[in-house]
1. Taking into account only those residues within the stretch 64-86 that are closer than 18 Å to Gly54 by Cβ and among the polar types (S, T, N, Q), which is nearest to the chain's Cα centre (by Cα)?
2. Could you list all residues from the stretch 91-145 that are touching a residue at least 60 places away in the same chain (Cβ under 8 Å) and either farther than 17 Å from Val32 by Cβ or not in a helix (DSSP H, G or I) (or both)?
3. Among the residues of the stretch 3-40, count how many are over 21 Å from Trp119 (Cα atoms) and either touching a strand residue (DSSP E or B) at 6+ places or on another chain (Cβ under 6 Å) or of a type in the set (S, T, N, Q) (or both).
4. Would you check which residues across the stretch 26-40 are more than 12 Å from the chain's Cα centre (by Cα) and exposed (fewer than 13 other Cβ atoms within 10 Å of the Cβ) and list them?
5. Suppose the filter is at positive phi, of a type outside the set (Ser, Thr, Tyr) and touching a Ser or Thr at 6+ places or on another chain (Cβ under 8 Å); does Gly83 pass it?
6. Inspect all residues belonging to the stretch 134-144 and state whether any of them is polar (S, T, N, Q) and at pLDDT 95 or above.
7. Residues being among the aromatic types (Phe, Trp, Tyr) and either in a helix (DSSP H, G or I) or touching a His at 6+ places or on another chain (Cβ under 9 Å) (or both): count how many of those fall in the stretch 13-70.
Amino acid sequence: MNPTESSLDKAVDSVLDTLPPVWDRIRSNLRVGATSKFDISLEQFHTLRHIRKGFCHTGALAEKRQISRPAISQAVAVLVARGLVTRVQESGDRRLVRLELTPYANEVLDENSRQNRVWTKGKMATLSREETDCLRQAMDILKKTFAAPEA
């Protein structure tokens, strides 16, 4: 193995050893904030996030979440009853119902995101200026390296 391959192998090991546990901690903090402070279940939280990302029909949500349509319909019914989601009939097809987040649901998600940023910033607060610059550069490199190919 030449020195370049050895360096690349070490970099790959570092990425694979570091990113999953870091992301797990960030996601865990996000989930805890949503489920405890805002009194919503983990399933409800994920459903809200996916609606916000544009999966605004039960079929698309079921496919994205990889759960049955009856299960997603039940989850949506709970979110509607809790005042987090509204159902809006599409103008062209009365059978097609679009799901929208209520202003309160958007506030919940925004606040949760803000709290997660504060938590993450607190974890990184002890880094030196040089370390934060290096970390930012490394993230830029990873983003560029793993960017989806252009269609």
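The values are calculated or read from the model by the stated rules, or taken from the named source; none is laboratory data. Only a predicted model underlies this, so the values are computations on that prediction, with no experimental measurement involved. All Cβ positions, glycine included, derive from the backbone under ideal geometry; neighbour counts span all protein chains shown.
1. Top of the filtered list is Gln66.
2. Leu142
3. Result for the stretch 3-40: 4.
4. Residues satisfying the conditions are Ser36, Lys37, Asp39.
5. Judged against the criteria, Gly83 is a match.
6. yes
7. Here the count works out to 2.
Table: residues versus (1) more than 23 Å from Asp93 (Cβ to Cβ); (2) among the small types (Gly, Ala, Ser); (3) out of contact with any helix residue (DSSP H, G or I) (no Cβ under 6 Å at 6 or more places or on another chain).
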residue	(1), (2), (3)
Thr35	yes, no, no
Phe38	yes, no, no
Ser41	yes, yes, yes
Leu48	yes, no, no
Cys56	no, no, yes
Ala62	no, yes, no
Gln66	yes, no, yes
Pro70	no, no, yes
